[in-house]
Amino acid sequence: MKVLIYGAGVIGGQLAHALMLNGNEVKLIARGSWAETLKTEGLRIHHYIQRKDTVDHPGIKEIIDEEYFDAVFAVMQYRQMEAILDDLAFLNSPVMILTGNNLSAEKMEAYILKHSRTEREVLFGFGSTAGSRENGRLTTVHWKNGNLTIGKAKEEVPASVKAMLQKIFSGSGVSVSWCDNMDAWLKYHAAFILPVVYLCYKTDCDLKKSTKQDRTLMLDAVKDAYGLLMEMGIPVRPEGDEKSLEPGILNAMVKIVIYWVCRTHLGALCTSEHCRHAPQEMEDLDEAFMKIRAMKPEYPRPCFESLRSLMPCREEIHQTYWK
């Protein structure tokens, strides 16, 4: 099937590699020097866990035109996604999956549908792949060929759309999970990762400096943020995920994962490296979540706000990490 991926970074590149394995015709939208690198050297990926290197040659598009695609995956940072909504509305495809951190799912869905020339389904997704880009190649961290959670903002994915996407992913090695409320899923994801972000910047993006007290405060901050969303009536997604923050086996496993993330290079690739290279996205997510927080000013969130207050000021973060 014909697939367009708008965004040729770590997640978009890994997705392109996976979807080409089963014979899909994949094109990437990329621009500038990165587009030239992809054209001349191909899509070079070092798969960190698998300890292997691959080279693929997807088609490279630098302009938006009326070419038809069975599905379009937009894989961009939060603010960048807002900037390409007109492009997405113009593209000729019946299905679009906006993939990545997003606290404005309903708003973006409404905009695309309002400005599209034809009827289409707008979905949202989040991939577990992490990594970095340097020296003309991607380094990706993923299990098998990655995991992707997909759903509409507030309802079930239509059966026909699900069948078409399953055909696209069949044989790719990508594990796909379906969600009936991706707007809620993305809000709870932000509630979990923002305390991690705050701790990253507190430790100068070196989580090995974090203490047991830091990590305990971080998990308490996550619990605060989950409690806020539940108090607002936003259903927990994945369903039952809040149980991992209560005493028990699940919570013990979460603490082990957090310790591993803070102590290993692999964990750094999944967390602090993204904070280091994408401070603007982290700021945008923080700002969007604090607007949600402002809807319940009477609801105390002491651990969340305490951890957030330990970060350097935004100006210092920008000066340190922006290139």
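Where a number appears in this text, it was derived from the coordinates with a stated rule and is not lab data. Computed from a predicted structure; not experimentally measured. Positions of Cβ are generated from backbone atoms using ideal geometry, with glycine treated the same way; all protein chains shown enter the neighbour counts.
For the range 13-30, just list the computed ³J(HN,Hα) in residue order, Karplus coefficients 6.51, -1.76 and 1.60, θ = phi - 60°, integers in Hz, with x standing in for Gly and Pro.
x, 5, 5, 4, 4, 5, 6, 7, 5, 9, x, 5, 8, 10, 10, 10, 8, 9
Just want the answer: with Cβ charges of +1 for Lys and Arg and -1 for Asp and Glu, which residue in LEU4, SER177, THR271 is farthest toward the dipole's positive end in the chain?
THR271
Going through the range 80-169, which chymotrypsin sites (Phe, Trp or Tyr not before Pro) have at most 14 other Cβ atoms within 10 Å and a DSSP loop state?
Answer in residue order: TRP143.
Can you tell me what share of the DSSP beta bridges in the chain is antiparallel? A percent to the nearest 5 is fine.
30
Show that you can apply the helix-only estimate: for the chain, add -39,500 (n - 2.57) for every DSSP H stretch of four or more residues, divide by all residues, and state [θ] at 222 nm to the nearest 500.
Here the helix-only value at 222 nm equals -14500 deg cm²/dmol.
Note down the nm distance, to one decimal, between modelled labels 7 Å out along Cα→Cβ at GLU155 and at SER128.
Each label point is offset 7 Å from its Cα along the Cβ direction, giving 3.0 nm.
List the lysines whose Cα sits under 26 Å from the Cα of LYS243, skipping any in the same chain fewer than 8 residues away.
LYS152, LYS154, LYS187, LYS212, LYS223, LYS255, LYS291, LYS296
Mind checking the full-extension length gain between GLU41 and GLN166? Use 0.36 nm per residue of separation minus the Cα-Cα distance, one decimal, nm.
Extra length available between GLU41 and GLN166 comes to 42.0 nm.
So what are the ³J(HN,Hα) numbers for the range 32-41, from phi and the Karplus equation (6.51, -1.76, 1.60; θ = phi - 60°), rounded to whole Hz, Gly and Pro as x?
x, 5, 5, 4, 5, 4, 5, 5, 8, 10
Can you tell me the dipole magnitude for the chain around its Cα centre, using point charges on the Cβ only (Lys, Arg +1; Asp, Glu -1), in Debye to the nearest 20?
Computed about the Cα centre, the dipole is about 840 debye.
Can you tell me which of 260-267, 112-119 comes out highest on packing, and rank the rest after it, using the mean Cβ neighbours within 10 Å? Present the calculation step by step, with values, prior to reporting the outcome.
Details: 260-267: 15.8, 112-119: 12.0.
Ranked by mean Cβ neighbours within 10 Å, highest first: 260-267, 112-119.
Which angle from 0 to 90°, rounded to the nearest 10, does the C-alpha axis of helix 105-115 make with the longest principal axis of the chain?
Compared with the principal axis, the helix lies near 30 degrees.
List the cysteines of the chain that have no other Cys Cβ closer than 4.7 Å: which are they?
CYS179, CYS205, CYS262, CYS270, CYS303, CYS313 - these cysteines have no disulfide-compatible partner (Cβ-Cβ under 4.7 Å) in the chain.
Quick one: what are the phi-derived ³J(HN,Hα) couplings along the range 262-279, Karplus 6.51/-1.76/1.60 with θ = phi - 60°, whole Hz, x for glycine and proline?
6, 10, 10, 5, 4, x, 5, 4, 7, 10, 5, 5, 5, 4, 5, 9, 9, x
Taking amide H atoms as placed 1.01 Å from N in the peptide plane, list the residues 5 or more away in sequence, or in a different chain, whose amide H sits under 5 Å from that of ASN145.
Here SER175 satisfy the definition.
Lysines near LYS39 by alpha-carbon distance under 23 Å, same-chain residues fewer than 8 away left out - which ones?
Here the lysines satisfying the reach criterion relative to LYS39 are LYS2, LYS27, LYS52, LYS61.
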